[in-house]
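The values are calculated or read from the model by the stated rules, or taken from the named source; none is laboratory data. Quick caveat: nothing in here was measured; it's all calculated off a predicted structure. Methodologically, a virtual Cβ is constructed for each residue, glycine included, from the backbone with ideal geometry; neighbour enumeration extends over all protein chains shown.
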Amino acid sequence: MNEQLQPLKKPARTGKAGRSGTQDDIVYAHIFEAILEQRLAPGTKLSEEALGEIFGVSRTIIRRALSRLAHESVVLLRPNRGAVVASPTVEEARQVFFSRRMVERAITELAVQHATLEQLNELRHMVREERDSFSRGDRGAGIRLSGEFHLKLAEAAGNAPLVSFQRSLVSQTSLIIAQYESGNRSHCSYDEHMQLIDAIEARDAEQAVSLMMHHMDHIDSKLNLDEESASDDLHAVFSHLLKKPKVSVKG
């Protein structure tokens, strides 16, 4: 099999590789997106050989992409045993959520000060897409858009280090939810997101922070130690790429 790597379905919103990205940019972005959409289960072995076959690229390209994901703590590189999707422990999950709360508070406060009308309109558009995804039963896309909302909000805060930190925390949160979320999978994050945007536009920092903390409480309340819903079958996760016509990639 020598299928060529496909570009992402949509242009980058939050630093993901776009259609003109290098091969390792696009491999990285596809795997990152699969993690955000909870299509890759925690603990999944990321075989360089299998990924190279799926994406039609060399192991060197795969290693570079996996190294970037490891830097964001969503992939674990094990000496002589290969890479796996990170599988956070309960204690690690608690630490990630504690960090998310601190970062989300700072981002929200800064967004109240710095978010432009254009950025707020982009956020509203993302929330509508998120709502539509859940409405048509595309839970994976809805979860990804929910995560991208928080990354776009970090950009609106105007603090580059927070954007980088938030990117790692959001992807780790997606793994935690995939690993520990309870059987009740109802989602109303789009309503909470829209209320948050309204408070930011009103420049009401106290209300905005209160809404963000309530939103984090809502996510936290749905976690337990039971269910896993993602897949550890690499070919199944990326099957949509293998079915498409060959497309050359600039590298």
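Here are the numbers for the structure shown:
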{"quantity": "Selection status of Leu69, closer than 30 Å to Leu242 by Cα, outside any helix (DSSP H, G or I) and assigned by TED's automatic domain parsing to the domain that holds Val237", "calculated": "no"}
{"quantity": "Only one of Met102, Met126 that is touching a residue at least 12 places away in the same chain (Cβ under 8 Å) and either of a type in the set (Val, Ile, Thr) or part of a helix (DSSP H, G or I) (or both)", "calculated": "Met126"}
{"quantity": "Residues satisfying the stated conditions in region 73-99, i.e. in a helix (DSSP H, G or I) and either of a type outside the set (A, V, I, L, M, F, W, C) or in contact with a strand residue (DSSP E or B) (Cβ under 9 Å, 6 or more places away or on another chain) (or both)", "calculated": "Glu91, Glu92, Ala93, Arg94, Gln95, Phe97, Ser99"}
{"quantity": "Residue within region 17-31 that is at pLDDT below 90, outside any strand (DSSP E or B) and hydroxyl-bearing (Ser, Thr, Tyr) present", "calculated": "yes"}
{"quantity": "Hey, Glu109 touching a residue at least 12 places away in the same chain (Cβ under 8 Å), assigned to a helix (DSSP H, G or I), among the charged types (D, E, K, R) and surrounded by 18 or more Cβ atoms within 10 Å (Cβ to Cβ) or not", "calculated": "no"}
{"quantity": "Condition check for Gln172: buried (at least 21 other Cβ atoms within 10 Å of the Cβ), in contact with a Leu (Cβ under 9 Å, 6 or more places away or on another chain), modelled with pLDDT of 90 or more and closer than 20 Å to Arg68 by Cα", "calculated": "no"}
{"quantity": "Any chance Ser146 is hydroxyl-bearing (Ser, Thr, Tyr), crowded, with 24+ Cβ neighbours inside 10 Å and modelled with pLDDT of 90 or more", "calculated": "yes"}
{"quantity": "Cβ pairs under 7 Å, 6+ apart, first in region 54-74 and within 26 Å of Phe165 (Cβ to Cβ), second assigned to a loop (DSSP other than H, G, I, E, B) and of a type outside the set (S, T, N, Q)", "calculated": "Ser73/Ala86; Val74/Ala86"}
{"quantity": "Residue match in region 95-104 (condition: modelled with pLDDT under 90, crowded, with 18+ Cβ neighbours inside 10 Å, under 30 Å from Met126 (Cα atoms) and of a type in the set (Asp, Glu))", "calculated": "no"}
{"quantity": "Single match in Ser47, Ser67, Ser73, Ser87 (criterion: closer than 25 Å to Tyr180 by Cα and out of contact with any Gly (no Cβ under 8 Å at 6 or more places or on another chain))", "calculated": "Ser73"}
{"quantity": "Residue count, region 96-117 (criterion: under 18 Å from Ser164 (Cβ atoms) and polar (S, T, N, Q))", "calculated": "2"}
